[in-house]
Every structure is written in structure tokens, then in C-alpha cells.
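Trainee: Here it is, the structure in full.
The values are calculated or read from the model by the stated rules, or taken from the named source; none is laboratory data. No experiment lies behind these values; they were computed from the predicted model shown. Every residue, glycine as well, gets a Cβ built from its backbone with ideal geometry; the counts of neighbours run over all protein chains shown. Accessible surface is based on the protein model in full, side chains and every heavy atom, while ligands, DNA and RNA are left aside. Shrake-Rupley method; radii C 1.70, N 1.55, O 1.52, S 1.80 Å.
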Amino acid sequence: MEFKFDWDKNASKIEELKKVIDEKKQLKGSLMPVLHKAQKIFGYLPIEVQKIISEELNVPLAEIYGVATFYSQFSLIPKGDYTIGVCLGTACYVKGAQDIIDEIKKEINVEVGGTTKDRKFSLVATRCIGACGLAPVMTINEDVYGKLKTGEAKDILKKY
Ligand code: FES
């Protein structure tokens, strides 16, 4: 899914990022803190932002891309208003979590790790969230739904 980066709308954020880079530029190991800050400012790390960081810090884009894709705290696409997490821990998995994921993918037309075009939902697969007694478990932001049966996830999404 392609999300277009709006340069005009992001102008003040870019300024903010450049200030951060100026402050950290001279420090050793400034890449991680700058990426963290950029993720905070923009909510994700689009390639356009990675390019700015690459130029300003004089670090190859490939290296930045490598770091941004390696660490799960960074995201290359914007997050939706609601993040749907489906637990793929062992207990949830054996109780059919994969079917729930498939059902959601179909319902909102998005892949795991993706965000819907309207930026309403993001779908992620999570590790055990410690609610195995409720397996299979789905979360939507702070809300937790357990003991899900086929077809239920779809109806729950309609509430959002
Ligand atoms: S395995 Fe899903 S909550 Fe523990």
C-alpha cells in the first residue's frame, strides 16, 4: 500500500526534524536517537524522511533503511487510528488465531503489518500478551477481545 508523503503538510515537521538533527549531528551514534525522534514527529519513517536524515547526517540511505526495517519500534508506513493486534502466541495459535487474521485481512483488505487506505486500521500479529486463558485473543488499541469464534472479529470491527 502506497501512502503519499505530503511535503506541504509536513513542512513544520521537517523543520522540527532538521533542528533535532542539528543538535545531535556532532554526537557519536546519533542515528538511532534521530530515527526515534523522527518516528515520534511523523508517526512513521517514510522514505522521504529517511532521505533527509541520510543527507543531513551524511549516512548512506541503505544503512538508514536497514536500521529502520530491522527494529520493530520503527514503522515505514503510517499507523491507523486503530491498531488491531491478533495474538499468534502458542495458545492463541492452536485455538485458531490464524483464521481470525485471515478473516480480518479479508474484511478490511489489508495485509499483516499494513494499514488501510483510509488510515483507520493497522493490522499486526503480536506475541503472547499474557491472556492465554482467553485464547484466541484480539486487541484493538486498549480493548481486549477473547475467546473469539469465527465471524466475531468482523462484527467487532464494525463498532470502530
Ligand atoms: S498466546 Fe495469546 S495471549 Fe498468550
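Trainee: Could you list, in sequence order, the residues of region 4-46 that are in contact (Cβ under 8 Å) with a residue 40 or more places away in the chain and open to solvent by 40 Å² or more (accessible area, probe 1.4 Å)?
Mentor: The answer is 7, and nothing else.
Trainee: Please enumerate the residues belonging to region 55-84 that are surrounded by fewer than 18 Cβ atoms within 10 Å (Cβ to Cβ) and in a helix (DSSP H, G or I).
Mentor: Result: 55, 56, 57, 61, 62, 63, 65, 66, 67, 69, 70.
Trainee: Right, another one. Being part of a loop (DSSP other than H, G, I, E, B) and closer than 20 Å to residue 115 by Cα: is that true of residue 28 here?
Mentor: Working: part of a loop (DSSP other than H, G, I, E, B): yes; closer than 20 Å to residue 115 by Cα: no.
The answer is no for residue 28.
Trainee: Restricting attention to region 85-128, which residues are buried (at least 16 other Cβ atoms within 10 Å of the Cβ), within 13 Å of the ligand (Cβ to nearest atom) and assigned to a loop (DSSP other than H, G, I, E, B)?
Mentor: 88, 89, 95, 96
Trainee: Hey, another quick one. For region 18-29, state whether one or more residues are in contact with a Lys or Arg (Cβ under 7 Å, 6 or more places away or on another chain) and at pLDDT 95 or above. Walk me through it before giving the result.
Mentor: Of region 18-29, the ones in contact with a Lys or Arg (Cβ under 7 Å, 6 or more places away or on another chain) are 20.
Within this subset, residues satisfying the condition of being at pLDDT 95 or above are 20.
So far as region 18-29 goes, yes, one or more of its residues are in contact with a Lys or Arg (Cβ under 7 Å, 6 or more places away or on another chain) and at pLDDT 95 or above.
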